[in-house]
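Working notes for the structure below.
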Amino acid sequence: MMERLSIEGRLRGALERGEFSLHYQPKINLESGALIGTEALIRWQHPVRGIVLPEQFIPIAEECGLIVPIGDWVLREACGQAKA
């Protein structure tokens with residue numbers, strides 16, 4: 001419970017502090033070998049804990065109502081990077 005509260009507390013300000021980053025993973029058609037898309041993967045660079053994987057913070061973000069602003073950030077960031 002303490003771990004969850006700690007993550008939730010830091011998660012609330014992580015967007016403002018710029019602690020999230022996107023990494024991209026190609027999606028490949030296994031039959032043709034062709035690139036068919038790219039998946040954006042969010043990572044949280046916690047200043048003390050280092051990289052926090054999505055499975056450690058996404059469920060908490062969903063429970064405490066932060067998943068929508070995080071999703072908005074992912075969409076804006078991915079589109080901005082694609083445009084650049």
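Among the residues of the stretch 1-38, how many are among the acidic types (D, E) and surrounded by 11 or more Cβ atoms within 10 Å (Cβ to Cβ)? Residues meeting the conditions: 2. Scanning the stretch 26-84 for residues that are among the polar types (S, T, N, Q), part of a helix (DSSP H, G or I) and more than 12 Å from the chain's Cα centre (by Cα) returns a single hit, Q81.
Taken together, the values in this text are just the output of simple stated rules run on the coordinates, not laboratory data. What you see is a predicted model; the values in this text were computed from it and never measured. As a convention, Cβ positions derive from the backbone with ideal geometry for all residues, glycine included, and neighbour counts pool all protein chains shown.
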